[in-house]
Amino acid sequence: MELRVVELFAGVGGFRIGLEDYPKAKDSVYNVVWSNQWEPSTKKQHASLVYENRWPKANHCNRNIEEVIENDFELIPNHDLLVGGFPCQDYSVATSLKNSKGLRGKKGVLWWSIEAILRKKEAKAPKYLMLENVDRLLKSPVKQRGRDFAIMLSSLNALGYAVEWRVINAAEYGMPQRRRRVFILAYHRSTQLWKRLESESKTDWITSSGIIAQSFPVIADYVKPTIGTIDSDIQKVSDEFNIKGGTSPFENSGVMMDGQYWTIKTTSNYSGERTVMEDVLVETKKVPKEFFISQEDFSKEKGWEYLKGSKRIERTNSQGHKYVYSEGGMVFPDALDAPSRTIITGEGGSAPSRFKHVILKDDHYRRLMPIELERLNMFPDNHTKLDGISDQKRAFFMGNALVVGIVKRLGATLSENIKKSIDAESTSILANEHLENNL
């Protein structure tokens, strides 16, 4: 069995590593037949250069995906699984929720690139989808919480897909980073997985029998899910969904089929091995001197100690109004016996920062190296190392990346279930043929 994969918004290839290298390359059923990475804000396409270096013979496209779809759609080969961490800048916690533009934002509209591929492929559309985004997607924008996700569900429903989703914190399943992301799997109505979901209890699917639940066990916080409907008119969803405001109807786990959704709050149920910060660290003697923090940078005015600490500052706004800005202290240095905090895109560089990781190891304060950031995302060592790519840019890649271990588990479970469906279908066909031959 081979599953052909198209990887969109590929970055430095996190999905590809998770799928093709699980559990090792020769055993994987996944084959990435086309990938696309384009960063409109930079002249030099750094992420694409890393991708091409890692997979020099890949069928990789470094062009604006919207232009490819519009002008050269034939470049996108037929495939079984479409994957991608579609751009999340409009939903990111780096932007206050009231300023979030969601699907109507400049980069958020790239969701429609996914929708266009599925729609234009028609009968040859992929049978399966695996998508990733920040968990804020489930509750944006602020004036119509949940609308953006509802538009996605309505779109996928119109194209014949059933959907399941879960917000997964990698650290809650033994991985070395506290990184919360929503993962979305979708199954076309022509698949056995769609038929299975149709026949099963939706609560059971969310909590035990679904692909995500098999990969990442949970406990339901309550027995009955919230049930609702998504209008088939996407424009109506955009204009009217949750127009009266209030909280988003979408919990951290759920499924959608035929325009109806079931959603429930769940918590992780994991008791296996765990990886912590100390497990990924390079020996102190091998750390270049530029990663160590001098006493001057540590304690100077607005240095590391100040930025990491709690503070109350009197400020005056542009209208002359005085107010007190306050913030609590950060854990400083970062704990070595626990998973790391979420890596952010500004992790690189030597300038003091409130949000960069700082560790104390062998009596030395220091920042994290790119190879350690790669390990926190479970990438291969030095995956992003390439002439002309700075350490700061490598850190930026990891701030944008996903935790590969999550994709590995989801990919393994998905392929196992597809294979079982194929085997069961083959057995049924053989049994029917045998019966007909004996009539």
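Students often forget the sequence filter, so: which aspartates and glutamates lie under 16 Å Cα-Cα from Lys308 once same-chain residues fewer than 8 apart are removed? Here the aspartates and glutamates satisfying the reach criterion relative to Lys308 are Glu296, Asp297, Glu327, Asp334, Glu347.
Counted residue by residue at 0.36 nm each, then reduced by the alpha carbon distance between them, the extension gain from Val109 to Ser199 reaches 29.0 nm. For segment 275-379, applying the loop criterion from DSSP together with a ceiling of 11 other beta carbons within 10 Å to the trypsin sites (Lys or Arg not before Pro) yields Lys302. With the simple spin-label model, which puts each label point 7 Å out from Cα in the Cβ direction, the Lys43 to Asn31 separation comes to 4.0 nm. Each listed q (0.15, 0.18, 0.19 Å⁻¹) maps to a log10 I(q)/I(0) for segment 135-283, found by the Debye formula over equal Cα scatterers with no solvent: -0.78, -1.04, -1.13. Most mobile of Glu66, Glu52, Glu122 per a Gaussian network model of the chain (Cα springs, under 10 Å)? Greatest mean-square fluctuation among the candidates belongs to Glu122. Scalar couplings 3J(HN,Hα) for segment 155-167, obtained by applying the Karplus form with A = 6.51, B = -1.76, C = 1.60 to θ = phi - 60°, are 4, 5, 4, 5, 8, x, 10, 9, 10, 10, 9, 7, 7 Hz; x denotes Gly and Pro. A crude spin-label estimate for the pair Leu386 and Phe355, with each label 7 Å from Cα along the Cβ direction, gives 2.5 nm. I want the antiparallel fraction of DSSP beta bridges within the chain, as a percent rounded to 5. If I count the DSSP bridges inside the chain, around 75 percent turn out antiparallel.
Summary value for segment 181-251: 14 percent relative contact order, contacts being C-alpha pairs under 8 angstrom separated by 6+ residues.
Considering only Gly14, Ala424, Ser238, the residue lying farthest towards the positive end of the dipole of the chain is Ser238, judged by Cα position with unit charges set on Cβ. Share of Cα-Cα pairs in segment 216-315 beyond 24 Å, in percent? Tail fraction, whole percent: 62. Comparing Leu410, Leu153, Leu386 in a Gaussian network model of the chain where C-alpha atoms under 10 Å apart are linked, the largest mean-square fluctuation is found at Leu386. Given the C-alpha centroids of segment 130-185 and segment 366-420, what is the distance between them in whole angstrom? Each part's Cα centre sits 20 Å from the other's. Residue ranges 139-147, 218-226, 331-339 sort as 139-147, 331-339, 218-226 when ordered by packing (mean number of other C-beta atoms within 10 Å per residue, highest first).
Using 0.36 nm per residue and subtracting the Cα-Cα separation, the extra length available between Lys265 and Glu74 on full extension is 64.6 nm.
Computed over the chain with a Gaussian network model linking Cα atoms closer than 10 Å, the most mobile of Ser28, Ser421, Ser310 is Ser310.
Residue-wise HN-Hα couplings along segment 123-128, as the Karplus relation 6.51 cos²θ - 1.76 cosθ + 1.60 with θ = phi - 60° gives them from phi, are 5, 9, 5, x, 6, 9 Hz; Gly and Pro carry x. What the Cα convex hull of segment 33-87 gives, in volume per residue, is 96 Å³. Treating r as the C-beta distance of Arg312 and Asp423 and R0 as 60 Å, the FRET efficiency rounds to 0.40. If you take the square roots of the eigenvalues of the alpha-carbon gyration tensor of segment 178-265 and sort them as a ≥ b ≥ c, do you get rounded (a/c under 1.5), prolate (a/b over b/c) or oblate? Here segment 178-265 falls in the oblate category. The magnitude of the dipole of the chain, with charges of +1 and -1 set on the Cβ of Lys/Arg and Asp/Glu and taken from the Cα centre, is near 1380 debye. For Arg166, the residues whose modelled amide H falls within less than 5 Å of its own, excluding neighbours fewer than 5 places apart on the same chain, are Phe183.
Shown here for segment 294-393: chymotrypsin sites (Phe, Trp or Tyr not before Pro) in loop regions (DSSP other than H, G, I, E, B) with at most 16 other Cβ atoms within 10 Å, namely Phe355. Here P(r) over Cα pairs in 20 Å bins from 0, in percent was computed from the coordinates, and among (1) 23, 55, 20, 2, 0; (2) 24, 52, 18, 6, 0; (3) 29, 59, 12, 0 the match is (1).
For Trp34, the amide hydrogen comes within under 5 Å of the amide hydrogens of Val5, Glu7, counting only partners 5 or more places away or on other chains and with H modelled in the peptide plane.
Between the Cα long axis of helix 404-437 and the first principal axis of the chain there is an angle of about 10°, rounded to the nearest 10. Applied to segment 212-221, the Karplus parametrisation 6.51 cos²θ - 1.76 cosθ + 1.60 on θ = phi - 60° returns per-residue 3J(HN,Hα) values of 5, 5, 5, 7, 9, x, 9, 10, 6, 6 Hz, with x for Gly and Pro. Each Lys or Arg adds one and each Asp or Glu subtracts one; over the other residues with Cβ under 11 Å from the Cβ of Val331, this totals +1.
Distance between the pseudo-spin-label points of Ser326 and Ser208 (7 Å out from Cα toward the beta carbon): 4.8 nm. Could you tell me which of rounded, prolate or oblate describes segment 288-439, using a ≥ b ≥ c as the square roots of the eigenvalues of the alpha-carbon gyration tensor, with rounded for a/c under 1.5 and, failing that, prolate when a/b is larger than b/c and oblate otherwise? It comes out prolate by the Cα gyration axes.
GluC sites (Glu not before Pro) within segment 282-385: which are DSSP loop residues with at most 16 other Cβ atoms inside 10 Å? Hits after loop and neighbour filter: Glu283, Glu301.
Set the Förster distance to 45 Å, then compute FRET efficiency between Phe298 and Asn62 from the Cβ-Cβ distance, nearest 0.05. FRET efficiency, Phe298 to Asn62: 0.60.
Each reported figure results from applying straightforward, stated rules to the coordinates on display, with no laboratory input. In this text, all values refer to a predicted model and were calculated from it rather than measured experimentally. A quick note on method: Cβ atoms are made from the backbone with ideal geometry, for glycine too, and the neighbour counts reach across all protein chains shown.
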